[in-house]
1. Excluding same-chain residues fewer than 8 positions from LYS206, which lysines have a Cα within less than 16 Å of its Cα?
2. Taking the highest mean first, how do the peptides 211-218, 166-173 order by number of other beta carbon atoms within 10 angstrom per residue?
3. Please state the shape class of segment 126-254: rounded when a/c is under 1.5, otherwise prolate if a/b exceeds b/c and oblate if not, all from the C-alpha gyration tensor.
4. Please work out how much accessible surface SER198 shows to a 1.4 Å probe, ignoring ligands, DNA and RNA, in Å² rounded to 10.
5. Given the peptides 120-130, 182-192, 148-158, arrange them by the average over their residues of other C-beta atoms within 10 Å, most packed first.
6. When the chain is fully extended, how far beyond the present Cα-Cα distance does GLU121 get from SER225, taking 0.36 nm per residue of separation?
7. Which percent, nearest 5, of DSSP beta bridges in segment 141-254 are antiparallel?
8. For ALA146 and THR215 in the same chain, what is the full-extension length gain: residue separation times 0.36 nm, less their Cα-Cα distance, in nm?
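The values are calculated or read from the model by the stated rules, or taken from the named source; none is laboratory data. Quick caveat: nothing in here was measured; it's all calculated off a predicted structure. Every residue, glycine as well, gets a Cβ built from its backbone with ideal geometry; the counts of neighbours run over all protein chains shown. Surface accessibility is based on the protein's heavy atoms, side chains included, excluding ligands, DNA and RNA. Shrake-Rupley method; radii C 1.70, N 1.55, O 1.52, S 1.80 Å.
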Amino acid sequence: MTSRLLRSVRADLRTTAPRSAAPLRTRLPLVAAAVVAAGLTAACGPASQPVGSAAPSTAGQSVEAALPSASESATASPEASPTASASPSASASATPSRAASGSASPARTSAKPARTSAAPEPARIPGPGYDSSADAQKQIEAALRAAKADGRAVLLDFGANWCGNCKAADKVFAQPQTAGILGASYHLVKIDIGGNSSANSALLRKYSPSGGTYTMPVLVVVSSSGTVRTDTHVTGNPSLTADGINSFLRKWAS
């Protein structure tokens, strides 16, 4: 009896064990996968994207995005350098503008009317005749000082009040055209040599040293430095007319 029961139990185990073992073998891998998934969820938190794809892609993008920014900043600095190099060109271009403005200022100054020096007053022309009481030496010295100041020449007229040729020359000196030439170019000094003045005779020999017989008037042109330029006692008198005397005066004018 007992043996029969044992055999029936064994038979049942043989028939029932295989049927329950198969579902267990299929359930165990599912349970293990669920446990692993739960552990990953607890460790990393829920992911909106599949595991292993989202994190590497975003990390790779962030690094790649940072690298271009660094390279762009590196390339931006060379582009900024042309801006810095443009400043010399700007300053160089500004320099011509300043030079142009500097060159425009002379034009404004040149536009102003040029200052012209006023013509000097005509020199005083002594009247006809010769003053025997005058100090001829002082008159000559004063004429030389004036000649140094204004650049005129000095005309020494040695004559006498009784000399006919001297009177003819005085008449020409009084004419407007001749007087204009004398006043513009000469300081005239008239020296009396018709009296007994040894001082005036000495002045004649000083400025006309050739000696001999003098034909009056003796006209001597002296430069502002005191140098004799011409002496009519040597060259002979010009024609005592307006044309003759004016030609002589123009020739030796300073």
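1. LYS138, LYS190
2. 166-173, 211-218
3. Since a/c stays below 1.5, the shape of segment 126-254 is classed as rounded.
4. 90
5. Values: 120-130: 14.2, 182-192: 21.5, 148-158: 19.5.
Per-residue mean Cβ counts within 10 Å order the peptides as 182-192, 148-158, 120-130.
6. This chain segment gains 35.3 nm when fully extended.
7. 55
8. This chain segment gains 22.0 nm when fully extended.
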